[in-house]
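Every number here is computed from the coordinates shown, using simple stated rules; none is lab data. Because the structure is predicted, anything quoted here is derived from the model rather than measured. Cβ coordinates were reconstructed from backbone atoms using ideal geometry, including for glycine residues, and neighbour counts include every protein chain displayed.
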Amino acid sequence: MVKILILVVIAAIIEATGVVILSKGLKQIQGAREITVSEVARVIKDGCTNGRVLLGTALEAVFYGILLYMLACCDVSFLWPLTSLGFIITTLAAKVILNEQVSATRWGGVMLIAAGVCLISYSESVKQKTAAGPLGMTAQGTGFPEGN
């Protein structure tokens with residue numbers, strides 16, 4: 001489980017970095033003034049030629065690749081809630097890097113997310129201890145839980 005938790009944190013950092021860079025890039029692009037084919041094409045062209053948009057998108061793709069690997073290894077009911085760590089890191093990055101004002105209510109929400117992540121991690125450790133039996137051995141006798 002420790003390997004997966006480390007991978008989730010790394011993935012969350014990559015995702016948060018991608019979101020912040022993507023946000024900066026999208027703010028550099030002037031949005032569509034009207035909904036016409038030429039205006040939509042201009043916005044797409046501007047997005048495809050903006051370095052920050054491209055880098056942010058690439059980092060999001062890396063996050064997605066890591067997520068696919070982890071989904072192949074873990075229960076989705078364990079992994080998916082852990083990906084909410086990205087919300088915590090992104091909020092911190094928005095405050096520090098983008099100088100966004102984050103209200104006390106939002107920080108309260110971030111704390112609730114953190115509490116949820118702790119509960120999910122705890123539930124997985126209890127599940128693994130129960131599955132390991134009295135000597136800490138799994139069915140294969142390796143001492144390592146399957147899939148992690």
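So for the chain, averaging the separation of alpha carbon pairs under 8 Å that are six or more residues apart and normalising by length, what relative contact order in percent results? Could you put the intermediate results ahead of the total?
Values: 131 pairs, mean separation 43.2, N = 148.
Relative contact order of the chain: 29 percent.
What is the dipole size for the chain, taken about its Cα centre, with +1 at each Lys and Arg Cβ and -1 at each Asp and Glu Cβ, in debye to the nearest 20? It would help to have the intermediate numbers written out before the result.
Values: 11 positive and 9 negative charges, 61 e Å.
Here the chain has a charge dipole of around 300 debye.
When ranked by the protection proxy of mean other Cβ atoms within 10 Å per residue, highest first, what sequence do the peptides 15-24, 76-85 form?
Working: 15-24: 20.8, 76-85: 16.2.
My ranking of the peptides, most packed first, is 15-24, 76-85.
Roughly how many whole Å is it from the C-alpha centroid of the stretch 1-77 to that of the stretch 92-123?
Measuring centre to centre over Cα atoms gives 20 Å.
With semi-axes √(5λ) of the Cα gyration tensor in Å as the read-out, I listed (i) 41, 32, 17; (ii) 39, 19, 11; (iii) 21, 19, 16; which label goes with the value calculated from this structure?
Only one option fits the structure, namely (ii).
Add +1 for every Lys or Arg and -1 for every Asp or Glu among the other residues with Cβ under 15 Å from the Cβ of THR91, and state the total.
On the way: positive: LYS95, ARG106; negative: GLU15, GLU100.
With Lys, Arg at +1 and Asp, Glu at -1, the neighbours total 0.
With axes computed from alpha carbons, what is the tilt in degrees of helix 2-28 against the longest principal axis of the chain, rounded to the nearest 10 within 0 to 90?
Value to nearest ten degrees: 10.
Using Cα atoms only, what is the angle between the long axis of helix 37-48 and the major principal axis of the chain, expressed in degrees (0 to 90) to the nearest 10?
50 degrees
Please give the length that would be gained between ALA114 and GLN30 if that part of the chain were fully extended, namely 0.36 nm times their separation in residues minus their C-alpha to C-alpha distance (nm, one decimal).
Values: separation 84, 0.36 × 84 = 30.24 nm, distance 3.54 nm.
That pair, ALA114 and GLN30, stretches by 26.7 nm at full extension.
What net charge is computed for the residues neighbouring ARG33, neighbours being all others with C-beta under 11 Å from the C-beta of ARG33, Lys and Arg scored +1, Asp and Glu -1?
Working: positive: ARG42; negative: GLU34, GLU39.
Its environment carries a net charge of -1.
Please go through the residue pairs LYS3/LYS129; LYS95/LYS127; LYS45/LYS95; LYS27/LYS95 and name each one whose alpha carbons sit more than 26 Å apart in this structure. Can you show the working numbers first?
Working: LYS3/LYS129 16 Å; LYS95/LYS127 36 Å; LYS45/LYS95 30 Å; LYS27/LYS95 16 Å.
Exceeds cut-off: LYS95/LYS127; LYS45/LYS95.
Of the residues VAL62, VAL126, VAL110, which exhibits the maximal mean-square fluctuation in a Gaussian network model of the chain defined by a 10 Å Cα contact cut-off?
Checking each option, the largest mean-square fluctuation is seen for VAL126.
Using +1 at the Cβ of each Lys and Arg and -1 at the Cβ of each Asp and Glu in the chain, identify which of ALA93, ALA131, ILE66 lies farthest towards the dipole's positive end.
ALA93
Between helix 51-73 and the chain, what is the angle of the helix's C-alpha long axis to the longest principal axis, kept within 0 to 90° and rounded to the nearest 10?
20 degrees
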